[in-house]
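Report on the following structure.
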Amino acid sequence: CPPPPFFTHVDPAVFDSRPTFRAFRLLLDNYSRHCGEEEEVTEEESEENRHFLDVIMETGPMKYCHQYCLAKEATYGGESIPEEEEGFKEVLRSIWLELYSRSGGKMDSSGFEHVFVGEVKNDKVSGFHNWIQFYLEETKGNIDYRGYIKPRSCDDSMAETNGDDHVLTLQFAWNGVEKFVGTSFIGVSPEFELALYTIVFLTTEEEDSDFSLDVGGEVFDLKVKCYRYNDGKNIGSCYVEAMAHYEV
């Protein structure tokens, strides 16, 4: 028999009580999931984009991201990262929300859409690396969850996986279209993911960046995959891979 839904319970209050979750959720229905279909941005959607950047820049992770990029003397478009918050918001807007063509002509994609919302290209799900979008789509009946792949433990055996895991590789279908392998953080905030991926994008040139995440007695060895688009102007894709998971 097929596996039960991936999420058994998520407190819906989190989407109303936390401004970043609320602002993030408003962006998820602003896109056509099919590559090749021109995106049309309404004034309301532009205002939602601006509001999202405003609220995430009030958070600790994004303030840390900004200061870290300044300390590393990161550049974007050949210029130093702005010290002013408004200038940094414009960098974020360009990296994440600026539309570009993924299909060769029509402005049909963006870094945000690919990473956090998901797209369909060549009859396969592309991107879709966010647990909030997964949860919301699953509650609508649009997700057919197939199972997960466990990360390795430090001794190269399969790691124990439980309800407290923060990184999992999932297999699912979205509106009948397959996603054979997709890794996502589970339960983290939008600002955490945006800060991490922005730091990798702005302060490294490699496609792979390795780091460890300690979540209070459990450690994940992770690899962030970051693919750049338009000569490094935009995020093409960004996601984590769990290399190992162990207790300390």
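The values are calculated or read from the model by the stated rules, or taken from the named source; none is laboratory data. Predicted model only: the values in this text are computed from it and were never measured. Heads up, the Cβs are rebuilt from the backbone with ideal geometry, glycines too, and the neighbour counts pull from every protein chain shown. Ligands, DNA and RNA are excluded from the accessible area calculation, which covers all protein heavy atoms including side chains. Shrake-Rupley method; radii C 1.70, N 1.55, O 1.52, S 1.80 Å.
Each residue was assigned an accessible area with a 1.4 Å probe, and for Val41 the value is about 80 Å². Summed over all non-identical Cα pairs, the Kirkwood treatment of the chain gives a radius of 18.8 Å. Computed as a quarter of the hull surface, the mean projected area of the alpha carbon convex hull for segment 81-142 stands at 5.7 nm². With the Kirkwood sum run over all distinct C-alpha pairs, segment 178-248 has a hydrodynamic radius of 13.2 Å. So for the chain, taking the charge dipole from beta-carbon charges (+1 Lys/Arg, -1 Asp/Glu), which of Ser110, Met57, Cys69 sits furthest toward the positive end? Most positive-ward Cα: Ser110. What you get for segment 6-114, charging only the Cβ of Lys and Arg (+1) and of Asp and Glu (-1), is a dipole of about 540 debye around the Cα centre.
When nucleic acids and ligands are ignored and a 1.4 Å probe is applied, Asp214 ends up with an accessible area of around 100 Å².
Note on the chain: dipole from Cβ charges, positive end direction compared against Thr183, Tyr145, Val215; the farthest Cα belongs to Tyr145.
The ratio of the alpha-carbon radius of gyration of segment 32-111 to the globular-protein estimate 2.2 N^0.38 Å is 1.25. About its Cα centre, the chain has a charge dipole of approximately 560 debye under the convention of +1 per Lys or Arg Cβ and -1 per Asp or Glu Cβ, with nothing else charged.
Computed from the C-alpha gyration tensor, the three semi-axes of the ellipsoid equivalent to segment 15-67 are 24, 13, 11 Å, from longest to shortest. Under 5 Å between amide hydrogens, built in the peptide plane, is the criterion, and for Gly182 it picks out Leu170 among residues at least 5 positions away or on other chains.
Sparsely packed loop sites in segment 49-156 (the GluC sites (Glu not before Pro) outside DSSP H, G, I, E and B with at most 13 other Cβ atoms within 10 Å) comprise Glu58, Glu73, Glu83, Glu84.
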